[in-house]
């Protein structure tokens, strides 16, 4: 039996801003953008050639109004979710992301556990890290 990661979820508060960021700034390909009706869209993006897809999902989708509001507040603070992506050229990718106006959390730096990494926030506030071995 083999178990592997197929989808991971990243919440957003603006579908177009999220799609533009992950497609045009990060460079992921759009695998799906399906109107599900009622204001819901099934949007998946992925690094080119990857089997793992990221589902961009409205913050608090399917939750009560109160829970959706709480989750939206946490998202805005940048503590709701995050992701770590690997790259083979951290400095070039970081420069492109910084030029997009992304909120920079950490400039590229060498870490004691053997990677060089940087951190920024996507338009919704999710913390994203880029690492390079």
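The values are calculated or read from the model by the stated rules, or taken from the named source; none is laboratory data. This one's a predicted model, so the numbers in the text were calculated from it and none came from an experiment. FYI the Cβ positions are ideal-geometry reconstructions off the backbone, even for glycines, and counts take in every protein chain you see.
In table form, for the structure just shown:
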{"read-out": "Some residue of region 47-58 being free of Cβ contacts under 8 Å to residues at least 12 places away in the same chain, in contact with a strand residue (DSSP E or B) (Cβ under 6 Å, 6 or more places away or on another chain), outside any loop (DSSP other than H, G, I, E, B) and over 19 Å from residue 130 (Cβ atoms)", "value": "no"}
{"read-out": "First in region 1-15 and outside any loop (DSSP other than H, G, I, E, B), second anywhere and loosely packed, with under 11 Cβ neighbours inside 10 Å, Cβ under 6 Å, 6 or more apart", "value": "none"}
{"read-out": "Whichever residue in region 74-90 is farther than 23 Å from residue 30 by Cβ and surrounded by 12 or more Cβ atoms within 10 Å (Cβ to Cβ) and, among such residues, is modelled with the highest pLDDT", "value": "90"}
{"read-out": "All strands (runs of 3 or more DSSP E) inside region 70-133 with 3 or more residues being in contact (Cβ under 8 Å) with a residue 40 or more places away in the chain and out of contact with any helix residue (DSSP H, G or I) (no Cβ under 6 Å at 6 or more places or on another chain)", "value": "82-86, 127-132"}
{"read-out": "Candidates 121, 23, 68, filtered to the one that is surrounded by 12 or more Cβ atoms within 10 Å (Cβ to Cβ) and over 15 Å from the mean Cα position of the chain (by Cα)", "value": "68"}
